[in-house]
Structure formats: C-alpha cells, structure tokens
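S.K.: My structure is below; once you've seen it, I'll send some questions.
The values are calculated or read from the model by the stated rules, or taken from the named source; none is laboratory data. Values in this document were obtained by computation on a predicted structure and should not be read as measured data. Backbone-built Cβ (ideal geometry, glycine too); neighbour counts: all protein chains shown.
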Amino acid sequence: MPKFSIKKLNEIKDSKGYTFKEISEMTGIPHSTISKIFGGFNNNPSIEAVQKIANALECGIDDFIEYEVQPKSPYYIDRQTGKIAQDIYENPDLRILFDASKDLSPEDIQAVILIAQKIKSTKR
C-alpha cells in the first residue's frame with residue numbers, strides 16, 4: 001500500500017535548495033507546521049497542505065508517495081525522467097537530446113543539459 005514518504009519529501013526539498021522558512025512563505029503554511037511535516041512529526045498532513053508543498057517544490061503529490069512497486073512510465077525508466085525529457089522536447093535548443101534521453105537516468109539527463117547549456121553560453 002502506498003504511503004507518504006518523509007524521505008522523498010526531504011530529498012526534493014534539498015534538491016531544490018529550499019529552507020523551511022522559504023517553503024512556509026511560498027505556501028502560506030506556518031513554519032512550525034512545515035517543520036513538523038518535513039520532520040515526520042505530522043504523519044497525516046492535509047491534502048491541501050501537501051498540494052501547496054508540491055506546488056512550491058514544482059512537483060506532484062505522487063512524488064511524495066512511497067510505492068511497493070514504483071509505477072512505470074511507458075517510455076521512461078521513471079516519472080522524473082519523463083518530465084525532464086518533456087522539458088527537453090519543449091526547448092528547441094535541447095530537442096536534439098530528446099531521442100537519446102529516454103534511456104538515461106534523471107541525473108545523467110541533468111548532466112547533459114548542464115553541459116549543453118555551458119557549451120551554448122561559451123559560444124556567445
């Protein structure tokens with residue numbers, strides 16, 4: 001049965017570099033409540049609070065869910081990889097990478113994007 005994952009929640013927060021205070025300000029949720037949710041002291045946050053946090057972290061609620069078996073994307077190894085690939089597809093400068101991206105991990109795709117952006121910025 002799927003369950004709310006504090007670990008995943010904190011991983012996403014850390015990857016975005018946000019503090020509890022910043023998330024509190026972005027969501028309008030009191031700092032103490034944010035601290036309790038991210039600290040695992042509120043194991044049953046309201047769906048409204050979770051949705052506000054997901055919006056602030058630019059992800060979906062299901063990114064905070066721990067599944068016994070991770071749902072599969074029909075084309076990508078996971079949902080995050082699919083989202084990154086969509087971003088690449090929608091950016092004309094990165095579109096050439098789209099076909100190669102489906103078999104890469106999210107970290108590898110991010111590395112390729114950074115390299116491409118670095119190359120483009122040094123050509124100017």
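S.K.: Restricting attention to segment 5-37, which residues are aliphatic (A, V, I, L, M), closer than 15 Å to Lys52 by Cβ and in a helix (DSSP H, G or I)?
M.R.: Passing the criteria: Leu9, Ile12, Ile23, Met26, Ile34, Ile37.
S.K.: Right, something else. Report yes if Gln110 is crowded, with 17+ Cβ neighbours inside 10 Å and either modelled with pLDDT of 75 or more or not aromatic (Phe, Trp, Tyr) (or both), otherwise no.
M.R.: Considered against the rule, which asks whether it is crowded, with 17+ Cβ neighbours inside 10 Å and either modelled with pLDDT of 75 or more or not aromatic (Phe, Trp, Tyr) (or both), Gln110 comes out as no.
S.K.: Would you pick out the residues in segment 19-41 that are under 16 Å from Lys8 (Cα atoms) and surrounded by fewer than 17 Cβ atoms within 10 Å (Cβ to Cβ)?
M.R.: Residues satisfying the conditions are Thr19, Ser35, Lys36, Gly39, Gly40, Phe41.
S.K.: Moving on to the next point. Scan (1) under 18 Å from Ile12 (Cβ atoms); (2) modelled with pLDDT under 75; (3) more than 13 Å from the chain's Cα centre (by Cα); (4) buried (at least 18 other Cβ atoms within 10 Å of the Cβ) for the single condition Lys52 breaks and write down its number.
M.R.: Every condition holds for Lys52 apart from (2).
S.K.: I've got another one for you. Pairs please, first residue from segment 35-49 and over 19 Å from Glu25 (Cβ atoms), second anywhere and among the aliphatic types (A, V, I, L, M) and in a helix (DSSP H, G or I), Cβ atoms under 6 Å, 6+ apart in sequence or on different chains.
M.R.: Once the first residue is over 19 Å from Glu25 (Cβ atoms) and sits in segment 35-49, its partners that are among the aliphatic types (A, V, I, L, M) and in a helix (DSSP H, G or I) give Gly40/Ile6.
S.K.: Additional query: Residue by residue through segment 1-41, note down the ones that are of a type in the set (A, V, I, L, M, F, W, C) and touching a Leu at 6+ places or on another chain (Cβ under 8 Å).
M.R.: Across segment 1-41, the qualifying residues are Ile12, Ile23, Ile37, Phe38.
S.K.: Hey, among the residues in segment 62-77 that are of a type outside the set (A, V, I, L, M, F, W, C) and modelled with pLDDT under 65, which one's surrounded by the most Cβ atoms within 10 Å (Cβ to Cβ)?
M.R.: The selected residue is Tyr76.
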